[in-house]
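Handing you this structure, nothing more for now.
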Amino acid sequence: MSKKNATSIKNQVAIVGVGESEIGRVPHMSGLGLNAQAAKRALDESGLKPSDIDGVLTAYSFTEPYFMLGSVLCEYLGIQPRFNASLIAGGASPAVMLKHAAEAIVSGQAETILVCAGENRATGQSRDAAVASLMAVGHPYFEQPYGTSIPGFYAMIAQRHMHVYGTTREQMAEVAVNTRAHALLHPNAHMKKPLTLEEVLAAKPIADPLGMLDCCLISDAGGAFIVTSAERAQDLKAKPIYLQGIGEFHTHEHLMCAPSLTEFGATESGRIAYAMAGLGPQDIDVAELYDCFTIVPIIELEELGFCKPGEGGAFFAEGHARIGGRLPVNTHGGMLSHAHAGAAGGLFGMVEAVRQLRGGLGERQVQGAEVALVHNEGGILSSHCTAILANAKG
Amino acid sequence: MDATPQLPKPVANADSQPYWAAARERRLLIRRCSACQQLHFMPRYLCPHCWSDQLEWVDSKGAGVVHSFTIIRRAPIATFAGNAPYVVVMVELDEGPRMITNLVGDDALQVAIGDRVSVAFEDRGDGDLLPQFQRSSA
């Protein structure tokens with residue numbers, strides 16, 4: 001574990017534009033098209049021109065057969081940048097890309113960076129193909145021969161959490177109910193119908209204790225945000241949202257090699273981010289947490305210090321995570337109800353945090369939101385990145 | 001156990017060839033570091049604890065406890081669909097390392113965390129055997 005804190009990039013960069021593509025089943029658009037639409041919307045919001053973008057970061061795609069996706073996206077967008085990569089940290093990629101973008105800007109390698117991800121995961125392949133391609137997350141030699149699945153890995157984590165802390169199936173279901181209630185307030189969310197606790201509990205079982213509605217969506221979606229220097233951010237169209245702290249931590253890739261099934265890297269990524277920001281959990285007004293499965297935001301709440309270990313389930317069940325509650329979580333509806341399409345899933349948490357901090361979201365607005373936390377994780381709670389954003393320099 | 005040749009066969013590489021060769025003899029091997037003495041699962045070129053490249057293979061007693069489990073109701077690929085529901089377990093070996101296998105046997109669906117389990121070998125055809133676990137009481 002590193003003994004030295006990272007050089008602070010607090011207050012040095014800002015997000016100045018965010019964008020979402022059309023979301024849901026969008027068969028009239030390609031995966032790259034979804035990326036481009038989100039990028040265009042983010043850029044329009046900032047008031048910048050395409051020629052202002054001198055850096056591009058993207059992640060990966062399961063649906064389109066491109067190798068150098070970073071270069072492919074730049075080619076598609078007609079951008080010739082001096083900073084470019086496709087970065088693969090699974091679901092953690094968007095927050096890690098924000099970190100790399102911030103570091104590149106602070107070190108002068110680029111001034112304005114487009115971070116973009118998305119896939120046509122719902123209509124670009126069959127549902128079976130989508131599920132099968134995700135099987136590759138299991139170890140090819142020591143996990144896949146046993147018919148392991150991503151829901152199965154997270155189910156083993158949930159099962160252990162239930163065993164150690166007494167977390168219940170109902171508490172996990174409350175996470176899905178919570179995020180659906182928020183999604184209904186979002187005009188672009190994939191899911192548009194109310195959801196009851198009974199419906200979550202009665203949903204088709206996938207991998208005990210997880211049912212279909214404990215699992216995130218499979219959507220067509222692209223998301224994007226524009227990062228620039230705090231200096232450049234001053235005179236743009238949109239209110240700049242400043243990066244206050246960011247940290248990542250990686251403990252394993254395959255679940256069989258995880259150091260623990262109850263302690264993950266979010267504690268350490270959060271510690272780094274809080275230290276850089278000079279803030280703690282008590283200072284956070286809204287949290288956008290990775291929620292590929294209902295157990296995950298429960299664990300993240302605990303690791304990021306919003307409640308004690310074992311209390312995350314009750315936190316959701318008692319309504320503290322609702323808009324208007326003690327700490328509103330996943331105010332856009334999360335990956336369970338807003339959208340999930342590869343690395344775009346966690347990216348929408350970043351988009352939502354920026355929007356909450358700008359204000360003016362009507363019923364969805366967290367009143368007085370000044371500081372937001374975004375947590376992304378990838379693999380099987382393997383790679384973690386925590387970002388803290390604020391609507392003023394700290 | 002009946003041969004189930006349609007299921008994936010073990011794939012050996014330079015790291016794991018002795019592991020899979022031993023499995024064909026119904027032995028479960030794990031790695032021990034000659035420098036720091038720590039054991040680990042998932043064979044590799046060096047010790048993940050101290051980076052020594054002086055490693056040896058040792059026979060596991062093949063006994064352990066269920067650290068966690070899931071019952072897969074919807075198989076990720078068609079190959080496994082006929083097996084569902086089936087049990088995936090994380091086993092903590094008595095020697096310490098953890099591994100993921102299926103829990104096999106008639107009472108597998110009654111699995112609970114803390115169950116004692118012992119290694120069994122599943123025939124995947126052509127003499128290939130896959131380490132699995134079953135409840136020890138069975």
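Among the candidates A:Leu48, A:Leu73, A:Leu34, which residue alone is at pLDDT 95 or above and under 23 Å from A:Ile150 (Cβ atoms)? Working first, answer last.
Details: A:Leu48 fails: under 23 Å from A:Ile150 (Cβ atoms); A:Leu73 fails: under 23 Å from A:Ile150 (Cβ atoms).
Exactly one of A:Leu48, A:Leu73, A:Leu34 is at pLDDT 95 or above and under 23 Å from A:Ile150 (Cβ atoms), namely A:Leu34.
What single numbered condition from (1) away from every other protein chain (no Cβ under 14 Å); (2) in contact with a helix residue (DSSP H, G or I) (Cβ under 9 Å, 6 or more places away or on another chain) fails to hold for A:Pro205?
Among (1) away from every other protein chain (no Cβ under 14 Å); (2) in contact with a helix residue (DSSP H, G or I) (Cβ under 9 Å, 6 or more places away or on another chain), A:Pro205 violates only (1).
Looking only at helices (runs of 4 or more DSSP H) that lie completely in region A:72-189, which have at least 1 residues being more than 14 Å from every other protein chain (Cβ to nearest Cβ) and in contact (Cβ under 8 Å) with a residue 40 or more places away in the chain?
Numbers: elements: A:93-106, A:127-134, A:150-165, A:169-183.
Correct list: A:93-106, A:169-183.
Here's a check for you: in region B:1-33, which residue that is at pLDDT 95 or above and acidic (Asp, Glu) is surrounded by the most Cβ atoms within 10 Å (Cβ to Cβ)?
Across region B:1-33, the extreme among qualifying residues is B:Asp15.
Does region A:33-41 contain at least one residue that is in contact (Cβ under 8 Å) with a residue 40 or more places away in the chain and either part of a loop (DSSP other than H, G, I, E, B) or acidic (Asp, Glu) (or both)?
no
Which one of these is at pLDDT 95 or above and on the phi > 0 side of the Ramachandran plot: A:Gly342, A:Gly310, A:Gly346? Break it down stepwise before answering.
Details: A:Gly342 fails: at pLDDT 95 or above; A:Gly346 fails: on the phi > 0 side of the Ramachandran plot.
On inspection, the qualifying residue turns out to be A:Gly310.
How many of the residues in region A:29-64 are within 22 Å of the chain's Cα centre (by Cα), surrounded by 19 or more Cβ atoms within 10 Å (Cβ to Cβ), farther than 20 Å from A:Arg121 by Cβ and not aliphatic (A, V, I, L, M)?
3
Out of all the residues in region A:307-323, which are under 17 Å from A:Gly265 (Cβ atoms) and crowded, with 24+ Cβ neighbours inside 10 Å? If you could, list the steps in order and put the result at the bottom.
Residues of region A:307-323 that are under 17 Å from A:Gly265 (Cβ atoms), as a first pass: A:309, A:312.
Passing the criteria: only A:Gly312.
Which condition does A:Glu45 not pass, out of (1) of a type outside the set (S, T, N, Q); (2) without any contact (Cβ under 8 Å) to a residue 60 or more places away in the chain; (3) not in a loop (DSSP other than H, G, I, E, B), if it passes all the others?
With respect to (1) of a type outside the set (S, T, N, Q); (2) without any contact (Cβ under 8 Å) to a residue 60 or more places away in the chain; (3) not in a loop (DSSP other than H, G, I, E, B), A:Glu45 is out only on (2).
Let me ask another. Can you tell me how many residues in region B:90-103 are hydrophobic (A, V, I, L, M, F, W, C) and within 8 Å of chain A (Cβ to nearest Cβ)? Give the steps one after another, and end with the answer.
Restricting attention to region B:90-103, the residues satisfying the condition of being hydrophobic (A, V, I, L, M, F, W, C) are B:90-91, B:93, B:99-100, B:103.
In the following step, the residues that additionally are within 8 Å of chain A (Cβ to nearest Cβ) were identified as B:90, B:99-100.
Summing the residues that are hydrophobic (A, V, I, L, M, F, W, C) and within 8 Å of chain A (Cβ to nearest Cβ) in region B:90-103 gives 3.
Anything in region A:274-330 that is over 13 Å from A:Thr167 (Cβ atoms), part of a helix (DSSP H, G or I) and touching a residue at least 12 places away in the same chain (Cβ under 8 Å)? List them, or say none.
A:Tyr274, A:Ala275, A:Met276, A:Ala277, A:Pro281, A:Asp283, A:Glu300, A:Glu303
Would you call A:Ala183 at pLDDT 95 or above and within 19 Å of the chain's Cα centre (by Cα)?
Values: at pLDDT 95 or above: yes; within 19 Å of the chain's Cα centre (by Cα): yes.
Yes.
Quick check: is even one residue across region A:167-183 more than 23 Å from A:Asn330 (Cα to Cα) and surrounded by fewer than 24 Cβ atoms within 10 Å (Cβ to Cβ)? Give the derivation first.
Start the filter on region A:167-183 by keeping residues that are more than 23 Å from A:Asn330 (Cα to Cα), which leaves none.
No, there is no match, as no residue in region A:167-183 is more than 23 Å from A:Asn330 (Cα to Cα) and surrounded by fewer than 24 Cβ atoms within 10 Å (Cβ to Cβ).
Given (1) surrounded by 19 or more Cβ atoms within 10 Å (Cβ to Cβ); (2) of a type in the set (S, T, N, Q); (3) more than 21 Å from B:Arg24 (Cβ to Cβ), where does B:Ser52 come up short, assuming only one miss?
Condition not satisfied by B:Ser52: (1).
Rundown of residues vs (1) away from chain B (no Cβ under 14 Å); (2) touching a Leu at 6+ places or on another chain (Cβ under 6 Å); (3) closer than 15 Å to A:Ala95 by Cα, yes/no style:
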position	(1), (2), (3)
A:Phe249	yes, no, yes
A:Met256	no, no, no
A:Ser269	yes, no, yes
A:Gly305	yes, no, no
A:Arg322	yes, no, no
A:His332	yes, no, no
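In this structure, does A:His340 turn out to be in a loop (DSSP other than H, G, I, E, B), touching a Cys at 6+ places or on another chain (Cβ under 6 Å) and touching a residue at least 60 places away in the same chain (Cβ under 8 Å)? Steps first, answer last, please.
Values: in a loop (DSSP other than H, G, I, E, B): yes; touching a Cys at 6+ places or on another chain (Cβ under 6 Å): yes; touching a residue at least 60 places away in the same chain (Cβ under 8 Å): yes.
Considered against the rule, which asks whether it is in a loop (DSSP other than H, G, I, E, B), touching a Cys at 6+ places or on another chain (Cβ under 6 Å) and touching a residue at least 60 places away in the same chain (Cβ under 8 Å), A:His340 comes out as yes.
The values are calculated or read from the model by the stated rules, or taken from the named source; none is laboratory data. Keep in mind that what you see is a predicted model, and the values were worked out from it rather than measured. Don't worry about glycine lacking a Cβ; one is built from the backbone with ideal geometry, like all the others, and counts go over all protein chains shown.
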